[in-house]
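Novice: First, the structure itself, so that you have it in front of you.
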Amino acid sequence: MDMELTSQVPLFQQHMVWLKERTLSQVKCFDAAGSATTIRVLRGIDYVVANDRYKRQRDQNRKRAVINMSFGMPKTRSLNEAVDAAIRAGLVVVAAAGNSHADACNYSPASAPQAITVMASNVNDQFATAFSNFGRCAHIIAPGVAVDSTQAGGGHHALDGTSMAAPHVSGAVAKYLSTFAANAQPTPAQVKTWLIQAAGDGTVTNVPNATPNKLLQYKDC
């Protein structure tokens, strides 16, 4: 389940070489100019939750879904509540921390309490200080500088942003969930705990103060 501007889908998501057992779907909430209203995003979340509930009722072997939210806006109560409601409904939500080099607690969905919020680093494991949001509302760091991405009209190019970092985490979470039977799926809270515990601790340089220094790490990726 993906909630991301179509021109910013990291290339690895198109191929999914190591994640053949999962299906990537896209819910478009943004227009061609990259803009969206809060109500459109809320409707997108409602659609994903309802669609997942419908499919789980008809397929007992369906595994837990992951929503990737590679977008951001000023902190919005209704959006945070919708994100947490989706998590209570059983979906794992991964959110981009934002690209203002500011406190992620001031943005949504990054500040949704139950979401997994992702910051960005570069290939040298240096924090992306040029743009990545940070702070106690963020949880994990993933590659977000010069990430190969598809682009409108075909082909691909390199992009920076926590929107690039978040899908790395979503992919790792989806892979992790695929290792469990459908009737033994860990809860979203358990997934979040696993992700943070499995992450490399203190390996990223230039991380701002009061910010978790946890680098995405998954042995099978």
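The values are calculated or read from the model by the stated rules, or taken from the named source; none is laboratory data. Just so we're clear, the structure is a prediction, and the values are computed from it rather than from any experiment. FYI the Cβ positions are ideal-geometry reconstructions off the backbone, even for glycines, and counts take in every protein chain you see. Surface areas here come from the heavy atoms of the whole protein model, side chains and all, with no ligands, DNA or RNA. Shrake-Rupley method; radii C 1.70, N 1.55, O 1.52, S 1.80 Å.
Novice: Hey, can you tell me all the residues within the range 94-110 that are closer than 15 Å to LEU79 by Cα, over 10 Å from the mean Cα position of the chain (by Cα), part of a strand (DSSP E or B) and of a type outside the set (Phe, Trp, Tyr)?
Specialist: SER108
Novice: Residues that are open to solvent by less than 10 Å² (accessible area, probe 1.4 Å): which strands (runs of 3 or more DSSP E) entirely in the range 111-185 hold 1 or more of them?
Specialist: 116-121, 140-143, 147-150
Novice: Considering the range 1-31 alone, what residues qualify as being open to solvent by 30 Å² or more (accessible area, probe 1.4 Å), modelled with pLDDT of 50 or more and among the aliphatic types (A, V, I, L, M)?
Specialist: LEU24
Novice: While we're on this one: May I ask you to list the residues in the range 121-176 that are under 23 Å from TRP194 (Cα atoms) and among the aliphatic types (A, V, I, L, M)?
Specialist: The answer is ALA138, ILE140, ILE141, ALA142, MET164, ALA165, ALA166, VAL169, ALA172, VAL173, ALA174.
Novice: Name every residue in the range 204-221 that is of a type outside the set (Gly, Ala, Ser), out of contact with any helix residue (DSSP H, G or I) (no Cβ under 7 Å at 6 or more places or on another chain) and either open to solvent by less than 60 Å² (accessible area, probe 1.4 Å) or closer than 18 Å to ALA97 by Cβ (or both), in order of residue number.
Specialist: Answer for the range 204-221, where residues must be of a type outside the set (Gly, Ala, Ser), out of contact with any helix residue (DSSP H, G or I) (no Cβ under 7 Å at 6 or more places or on another chain) and either open to solvent by less than 60 Å² (accessible area, probe 1.4 Å) or closer than 18 Å to ALA97 by Cβ (or both): VAL204, THR205, ASN206, VAL207, PRO208, ASN209, THR211, PRO212, ASN213, LEU215.
Novice: Let me ask something else. Which residues, counting only those in the range 155-202, are farther than 23 Å from ASN213 by Cβ, of a type in the set (A, V, I, L, M, F, W, C) and in contact (Cβ under 8 Å) with a residue 12 or more places away in the chain?
Specialist: ALA158, LEU159, ALA174, LEU177, PHE180, ALA182
Novice: So, in the range 182-196, exactly how many residues are touching a Lys or Arg at 6+ places or on another chain (Cβ under 9 Å) and either at pLDDT 95 or above or among the aromatic types (Phe, Trp, Tyr) (or both)?
Specialist: Residues in the range 182-196 being touching a Lys or Arg at 6+ places or on another chain (Cβ under 9 Å) and either at pLDDT 95 or above or among the aromatic types (Phe, Trp, Tyr) (or both): 7 in total.
Novice: Now for a different question. Taking the stated definitions as given, is ASN106 farther than 29 Å from HIS156 by Cα and either open to solvent by 30 Å² or more (accessible area, probe 1.4 Å) or in contact (Cβ under 8 Å) with a residue 12 or more places away in the chain (or both)?
Specialist: yes
Novice: Checking GLY34 against (1) assigned to a loop (DSSP other than H, G, I, E, B); (2) over 20 Å from ALA174 (Cβ atoms); (3) modelled with pLDDT of 95 or more; (4) not acidic (Asp, Glu): exactly one of these is not met. Which one?
Specialist: With (1) assigned to a loop (DSSP other than H, G, I, E, B); (2) over 20 Å from ALA174 (Cβ atoms); (3) modelled with pLDDT of 95 or more; (4) not acidic (Asp, Glu) applied to GLY34, the lone miss is (3).
Novice: Would you pick out the residues in the range 57-79 that are open to solvent by 90 Å² or more (accessible area, probe 1.4 Å) and either assigned to a loop (DSSP other than H, G, I, E, B) or small (Gly, Ala, Ser) (or both)?
Specialist: Correct list: GLN60, ASN61, LYS75.
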